[in-house]
Amino acid sequence: MEIKSGSVVAMAGGVGGAKLAHGLYAQANDRDLTVIVNTADDFELHGLHISPDLDTVLYTLAGVANPETGWGIAGDTFATMSALARLGGADWFRLGDQDFATHIRRTQRLREGATLGEVTAEFSRALGVLDTTAIVPMTDDPVATLVETDDGLLDFQSYFVRRQHADRVLSVRFSGIEAATLAPRAKQALTAASVIVLCPSNPIVSIGPILALSGTTDALSSANAPIVAVSPIIGGQALKGPADHMLASLGHHVSALGVATIYRHFLSGMVIDDADAHLARPIGRLGMSVLVTDTIMRSELDRRRLATEVLEFAGALRR
Ligand code: GDP
Ligand code: CA
């Protein structure tokens, strides 16, 4: 797909990011949309390459995501998982039968020499994602989030799923990040963008790896587009997951202000929830515009409404 100017670029992790990405997908109209997705959660299990955040974005945009969990495929069954467990295989990371097909096919294509970006494009086409939208893995290079806890260094999924993010987080590192580069497709999209949106994803482990890649900071500072973020922290808490605990243990304010502070070097605008209206002033003092609105996406209508507000807000900003 040719990259046209006037396009919308979003950065996303998994469940939180995918919801706004879905709204943007519906509201971008004739504009191209590129969703740059975190791959530092990727890992291998049962000999298969699993890309949790990519799959969440893919399934959500394709309209097949499980609406209850936000991840996995709606109506999926778990016969393979049960049979695997019977044979002594791991069953702490839930994978549905249809979901397994994604990982089997991805692993096969990667072994054949395809890049993760190519495989993701193939899957998007196969699942009927509009061809004006590109779901782009942040990099084709291997990057893995490691979480340092009191029990030692854990790989991300062991921390997040197996131990249900109960451990205190002492530090987070992205193994492989020094050698990894932002995917060229993502870089081009950022350069040509008219709006760049950081979705309400975990700032440390979902957006953090994208920002840490060689090439991202340069691409953001040379981009002409306004860059806006939607806070995943509302009223001092994450709606789901460990973002609040992670921010706290890494010494950040656990608030939309804390998130805006992390992004302050490149952000033109911050979108915060009505519940955090009192933070509009301190965030404004960081040198960015602020939109206060309802940022909780309960329904698909909420996703589209928030996406429209974010696009209008960004459209009125200048770099
Ligand atoms: P993960 O990779 O599946 O953990 O998902 P993300 O990193 O993309 O998103 C996790 C974050 O999304 C959490 O910090 C949540 O607080 C946030 N989140 C989830 N749903 C919403 C929502 O409807 N609105 C906002 N503002 N944040 C949300
Ligand atoms: Ca994730």
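Given an 8 Å cut-off on Cα distances and at least 6 residues of separation, report the relative contact order of segment 139-279 as a percent. Let's see the in-between values first.
On the way: 227 pairs, mean separation 30.1, N = 141.
That works out to 21 percent.
Rounded if a/c is under 1.5, else prolate if a/b beats b/c, else oblate: with a ≥ b ≥ c from the C-alpha gyration tensor eigenvalues square-rooted, which is segment 94-235?
Working: a/c = 1.60, a/b = 1.10, b/c = 1.46.
It comes out oblate by the Cα gyration axes.
Could you tell me what percent of the accessible area of the chain is made up of carbon and sulfur, with a 1.4 Å probe and every protein chain present?
Of the solvent-accessible surface of the chain, carbon and sulfur hold 51 percent.
Compute, for the chain, the length of the dipole vector about the Cα centre, with Cβ point charges of +1 (Lys, Arg) and -1 (Asp, Glu) only. Units Debye, rounded to 20. Mind showing how you got there, number by number?
Values: 26 positive and 35 negative charges, 115 e Å.
Here the size comes out at about 560 debye.
For the chain, what does -39500 (n - 2.57) per DSSP helix run (n ≥ 4), summed and divided by total residues, give at 222 nm, in deg cm²/dmol to the nearest 500? Don't skip to the answer; put the middle values down first.
Details: 12 runs with 116 residues, N = 319.
One gets -10500 deg cm²/dmol as the mean residue ellipticity at 222 nm.
Lys/Arg Cβ at +1, Asp/Glu Cβ at -1, dipole of segment 187-319 taken about the Cα centre: which of Ala280, Ser201, Leu267 is farthest positive-ward?
So the residue we want is Leu267.
Rounded if a/c is under 1.5, else prolate if a/b is larger than b/c, else oblate: which is segment 227-319, with a ≥ b ≥ c the root eigenvalues of its Cα gyration tensor?
Values: a/c = 1.90, a/b = 1.13, b/c = 1.68.
Oblate, because a/c is 1.5 or more while a/b does not exceed b/c.
Considering the options Ala10, Gln108, Leu45, tell which one lies farthest towards the positive end of the dipole of the chain, charges being +1 on Lys and Arg and -1 on Asp and Glu at the Cβ, about the Cα centre.
Of the listed residues, the answer is Ala10.
I want the antiparallel fraction of DSSP beta bridges within segment 2-99, as a percent rounded to 5. Before the final figure, lay out each step's value.
Values: 4 of 9 bridges.
DSSP beta bridges in segment 2-99 are roughly 45 percent antiparallel.
Pull up the DSSP beta bridges for the chain and report the antiparallel fraction as a percent, rounded to 5. Before the final figure, lay out each step's value.
Numbers: 15 of 42 bridges.
Among the beta bridges of the chain, antiparallel pairing accounts for roughly 35 percent.
Considering only C-alpha atoms, what is the centroid distance from segment 263-293 to segment 54-130, in Å?
36
Classify segment 175-278 as rounded, prolate or oblate from the Cα gyration tensor: take a ≥ b ≥ c as the square roots of its eigenvalues, call it rounded if a/c is under 1.5, otherwise prolate when a/b beats b/c and oblate if not.
Working: a/c = 2.44, a/b = 1.44, b/c = 1.70.
Note, shape of segment 175-278 comes out oblate.
The values are calculated or read from the model by the stated rules, or taken from the named source; none is laboratory data. No experiment lies behind these values; they were computed from the predicted model shown. Please note: Cβ atoms are built from the backbone with ideal geometry, for glycine as well, and neighbour counts cover all protein chains shown. Surface accessibility is based on the protein's heavy atoms, side chains included, excluding ligands, DNA and RNA. Shrake-Rupley method; radii C 1.70, N 1.55, O 1.52, S 1.80 Å.
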